[in-house]
Every structure is written in structure tokens, then in C-alpha cells.
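The values are calculated or read from the model by the stated rules, or taken from the named source; none is laboratory data. Predicted model only: the values in this text are computed from it and were never measured. Here the Cβ positions follow ideal geometry from the backbone for every residue, glycine too, while neighbour counts run over all protein chains shown.
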Ligand SMILES: Nc1ncnc2c1ncn2[C@@H]1O[C@H](COP(=O)(O)OP(=O)(O)O)[C@@H](O)[C@H]1O
Ligand SMILES: [Mg+2]
């Protein structure tokens, strides 16, 4: 569980060697080339966005409200079409990639079914795909354990705190073993203590998984620096990607990173990039 980033890189390289992929050029999971999004009412939400997202990365998107962060996510998941440029998701078009169940999302509102217990809630995506009950419940137990809720399989959402509901939401997203996990301000409604413990949980889950890439939207620069391997900085009107800042700090991260001088330096460079 407690691994250094080097372990991640070397096992990634081993996996790549086994499949014959050049380890120095890991495949990009997502590529945005000169992406524009103009909504039908004329709003230019995103303009000429360029970004390469490689496997196993943790990308945070920061930028003021309305700068196009959610729009970029919606284009990646195929919820809305881009109006210019080229977008590739898992080597294909986003709509095709979505069909493969390799993309999952988590939103700020957990949207659980109140009359279903946690096991039923997290295994719903498998039920929709007609996976047999025994198998989907096994998978449900696996992901509830992963988020620390294995003793709550029979509980109802109304019995849970906000942080626990978010864990259930994350578990439901993980049940399909996605390659790409998109999270749109997932911790924005949580108190600071719960937020920090979920950040650590999320990093632990991501470190355990050797193939998942996380894209995460946040307003919070501290959260972005703590979580990311790369921070994407966006500017508004029209929404542009103005900077991609690499957070060159090994994983696992913990309290020592939150108070380290390097942490404040990264926070400063992201903040000053946001101001330009
Ligand atoms: N469906 C829509 N139709 C028209 N304009 C939209 C739509 N969705 C978002 N916008 C506009 O596009 C811009 C970017 O929005 P959004 O991607 O939601 O920003 P963010 O997630 O960074 O707050 C904003 O000006 C917003 O008002
Ligand atoms: Mg948004």
C-alpha cells in the first residue's frame, strides 16, 4: 500500500515492457489538441485547449468559477461535443470510450438512491449491465472495503455522514475498474477535516491501482497541490489552459508534505499562475 512513486513508475515500466509498449512514451489516455467549445448561445467556454494526459497520472484542474473546467470534463466524457480541434479519449472518440465502461465520474453531490442499501447502491452500475447478482455483490463488497465501509453494506444512505456518502460515491465509481476517474469538485461540500482524510483515502486508492488516471476539479489550491502529479491552471473568458505545473513530490504523501516548504512553494507557484 505505502509505495513510493518510483515503485509506481517501475511497475508501470514493467507492465509496459510486458506488453511491448515503449516505457519512455507511455500512451496518452486523453489528448486535447486545440480544443474549442462554443455553446449554442455563443458562450465561448473553452478556447484552444491543449493537454496530454498520460496513464497513471493524477491531474487537478484549478481556475475561477466559469473558466470551463466542467465543460472540459463533459467533453472528455462525451456529454457535450467539442466545436473545434481534436479530442482523443482512450485512443478513440469520447463516446466510444464511454461505452467500454472505462470512464467513471464522481460529482459533488453523491446522488445515492435513498431506498437502496450501500451494497445495492455501489453495485448499481453492474446491475444496469446485467451482471449476475452474486458477482455484483462480490464486487460491491470489494469496493466498499476499499473505501473503508465494509461494515456498512446493509446501511441506508440516510444513516451516513456527508463524508461517508462521498466514500460510497467513490466506491460506486470504482466498481467498474475504470481507467479514467473524473471527479468534479467532489470534496467541495465537506468540512476541512473530512476533506483531508478523503484526500488521503483517494491517494491510497489511486496508489493501489496501477492503471487508473484521476482527473479532479477543485477551487482549492492546497488540495490541488497535495493530490496532484500535475496541476492544470485555467484562466477565464474565454477558458484557456494557461499552465501545467508538475508537482514533483513522491507518493505516498502525508502530513509532512502539507507542512513542508516545498508545499508552500508549489501553492505559491500555482497561485501566481492563476493570477496571471
Ligand atoms: N449548457 C451551457 N450553455 C451555455 N453556456 C454554458 C453551458 N454550460 C456552461 N456554460 C458557460 O460556459 C462557461 C464555462 O462553464 P463551466 O465549464 O461550467 O465552468 P467551471 O466548471 O470552470 O465553473 C461559463 O461561462 C458557463 O456559464
Ligand atoms: Mg464546474
Breaking point among (1) within 16 Å of ligand 2 (Cβ to nearest atom); (2) part of a helix (DSSP H, G or I), for residue 79:
(2)
Return yes or no: is residue 87 part of a loop (DSSP other than H, G, I, E, B) and in the same structural domain as residue 183 (by TED's automatic domain parsing)?
no
Residues 181, 174: which one is crowded, with 20+ Cβ neighbours inside 10 Å and farther than 24 Å from residue 114 by Cβ?
181
If we scan region 239-261, do we find a residue that is buried (at least 21 other Cβ atoms within 10 Å of the Cβ), within 16 Å of ligand 1 (Cβ to nearest atom), under 14 Å from the mean Cα position of the chain (by Cα) and at pLDDT 95 or above?
no
Check on residue 23, modelled with pLDDT under 90, surrounded by 15 or more Cβ atoms within 10 Å (Cβ to Cβ) and not assigned by TED's automatic domain parsing to the domain that holds residue 154
no
Take the conditions under 20 Å from the mean Cα position of the chain (by Cα), more than 16 Å from ligand 2 (Cβ to nearest atom) and free of Cβ contacts under 8 Å to residues at least 40 places away in the same chain and apply them to residue 195. Does it pass?
yes
Are there helices (runs of 4 or more DSSP H) fully within region 126-223 with at least 3 residues that are modelled with pLDDT of 95 or more and not assigned by TED's automatic domain parsing to the domain that holds residue 52? List them.
133-146, 162-174
Scanning region 34-43 for residues that are surrounded by 14 or more Cβ atoms within 10 Å (Cβ to Cβ) and either more than 11 Å from residue 83 (Cα to Cα) or within 16 Å of ligand 2 (Cβ to nearest atom) (or both), the one nearest to the chain's Cα centre (by Cα) turns out to be 37
Any hit, region 93-115, residues being assigned to a helix (DSSP H, G or I), surrounded by 15 or more Cβ atoms within 10 Å (Cβ to Cβ), away from ligand 1 (no atom under 13 Å from the Cβ) and modelled with pLDDT of 95 or more:
no
Taking region 68-87 as the search range and keeping residues that are near ligand 1 (Cβ under 10 Å from one of its atoms) and closer than 14 Å to residue 48 by Cβ, which one is surrounded by the most Cβ atoms within 10 Å (Cβ to Cβ)?
72
